[in-house]
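Undergrad: Got a structure for you, written out below as structure tokens; questions coming shortly.
The values are calculated or read from the model by the stated rules, or taken from the named source; none is laboratory data. Small disclaimer: the values here were computed from a predicted structure and weren't measured. Positions of Cβ are generated from backbone atoms using ideal geometry, with glycine treated the same way; all protein chains shown enter the neighbour counts. Heads up: the accessible areas ignore ligands, DNA and RNA and are worked out on the full protein's heavy atoms, side chains in. Shrake-Rupley method; radii C 1.70, N 1.55, O 1.52, S 1.80 Å.
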Amino acid sequence: SRACRRDREGILPRRPGHSGEANPLRLSATTPQAGPLPDPVAKLRFTSGFPGIQTGYYTRLTLRLLAKAYPRICPDCKVPMTVPVARRETVGRCPECHRQTSLTAGTPLHHFKLPLWVFGYLLSEAVTVFPQLMSAAQIRRRLGVSKSTSLLLKRRLQLFLTDLMPVIKDRMSAELADEWKGLVLPTKGDVSEAVAARPVVHMDTLAMFSATQRANGGRARHRHSGQTASIYLTEKVAEERGKFQIGTLVHTIALKGGPVVLDSVSGVAQKNVQPLLSFLPEQTPTFTDDGYPWLTRYNRNHRAVNHSARAKDKKRNVWARNRWSRDGVHNQVAEGTQRIVKASFLAAYGYFNPRYSQLYLNEYSALKGVRVYSLESLLERPFVGNVDHR
């Protein structure tokens, strides 16, 4: 019979598991215990194509992420709905009133049709290969899925990491507040001793995928004037192509040996940058270049270095030797981070639309935060703001 053939091929078991199975929602991802009950034939057939992947481990990892980040609470019993439902890995049940709910609805895995181990596997691989990034084309080659499916998997991963960014910012803010409680940098002289072995905020901007001379039809790539690359096309070329912005301007907030926060901005004016600093504690020591002249009015611990400083002896050199670091003030951490960011993005994507730039930047920032703080510590509090309780 048809059922016997499936049983003989090892695709569909004859009998479902019993209710006494171990609960994967209460297990650590590293615990080598039994996972959830088997899913329908289509998912089992898809999973059978990956015999070298520990699908049970990654399934438990995904369920643990959902339970910690997007917990389901029974509206009547007020207890977590953590009991698994046979042959339905995306459904949880209340242990008291047996009400059932979807574990993925209202989360980045909403309407997830693939087995749950796929998401845990991709997240684990993304953290492992960082600072290299996984593109949708790489996901397609690894899993053998279609182009649209791989792009959707990439978006789901980016949305989950975007939800993780507020937690990373809170951890950064708490660390900075503990280190710099009531401390003030000297107004004059060398500040190296005051900031030694302490986290200092370094900020800078990066033009990602700037408009080259070739993209501008042979015209100069600079917009109007200035020495930096522009993310905008010239007005004449923009009218011909129907678009003005071609690149992405990235604002960088970085700590040495710590996390990084990348934001897509339209300019470096105060109205564009100041809202991005709201999560930082007041009077946090901040090192920048001369592109933030307004910051000193709000932060007495702000210090800047002039990258355009000229040498006193112009016969021997045009630029001053201390234009990168002066009196212990520099923003080399931000610039070094931007060098890695640019190399990683060019290697993985080549180009992405500025409309979706914040998703890609959040992906990089969150993966860096996971490497610094670990995913287990970041998921101590849930992302209740994005859960659809209906």
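Undergrad: Which value, in Å² and to the nearest 10, is the accessible area of residue 319 when all protein chains are kept and the probe is 1.4 Å?
TA: Roughly 80 Å² of residue 319 is accessible to a 1.4 Å probe.
Undergrad: Moving on to the next point. Between rounded, prolate and oblate, where does segment 247-390 land on the alpha carbon gyration tensor, with a ≥ b ≥ c its root eigenvalues, rounded for a/c under 1.5, else prolate if a/b exceeds b/c?
TA: The shape class here is prolate.
Undergrad: Using a 1.4 angstrom probe and counting only protein chains, how large is the accessible area of residue 278 in Å², to 10?
TA: Looks like 100 Å² after rounding.
Undergrad: While we're looking at this one, here's another question. Do the alpha carbons of any pairs in 188/312; 43/78; 188/368; 78/154; 68/113 sit beyond 25 Å of each other, and which pairs?
TA: Among 188/312; 43/78; 188/368; 78/154; 68/113, the Cα-Cα distance tops 25 Å for 43/78; 188/368; 78/154.
Undergrad: Using 0.36 nm per residue, how much length does the chain from residue 190 to residue 141 gain when fully extended, once their Cα-Cα distance is taken away?
TA: Net length gain for the segment: 12.3 nm.
Undergrad: Let me ask something else about it. Would you work out what percent of the accessible area of segment 105-170, with all protein chains in place, is carbon or sulfur (probe 1.4 Å)?
TA: Here it works out to 57 percent.
Undergrad: When the accessible area of segment 238-384 is split by element with a 1.4 Å probe, what percent falls to carbon and sulfur?
TA: 48 percent
Undergrad: Is the shape of segment 102-195 rounded, prolate or oblate, going by the alpha carbon gyration tensor and its root eigenvalues a ≥ b ≥ c, with a/c under 1.5 for rounded and a/b larger than b/c for prolate?
TA: prolate
Undergrad: Okay, moving on. Return one whole number: the accessible area per residue of segment 63-190 in Å², for a 1.4 Å probe.
TA: I get 46 Å² per residue for this part.
Undergrad: Continuing with the same structure: Can you work out ³J(HN,Hα) from phi for every residue in segment 145-157, in order, using Karplus 6.51 cos²θ - 1.76 cosθ + 1.60 and θ = phi - 60°, giving whole Hz and x for Gly and Pro?
TA: Calculated HN-Hα couplings, in order: 9, 6, 5, 5, 5, 5, 5, 5, 5, 4, 5, 4, 5 Hz.
Undergrad: Something else now. Need one number: nm distance between label points at residue 240 and residue 151, each 7 Å from Cα along Cα→Cβ, rounded to one decimal.
TA: The two pseudo-label positions are separated by 2.7 nm.
Undergrad: Beta carbons within 10 angstrom, averaged per residue: use that to sort the peptides 57-68, 301-312, 88-99, highest first.
TA: Those peptides, ordered most packed to least, come out 57-68, 88-99, 301-312.
Undergrad: A further question follows. Given the peptides 127-139, 153-165, arrange them by the average over their residues of other C-beta atoms within 10 Å, most packed first.
TA: Sorting 127-139, 153-165 by mean packing, highest first, produces 153-165, 127-139.
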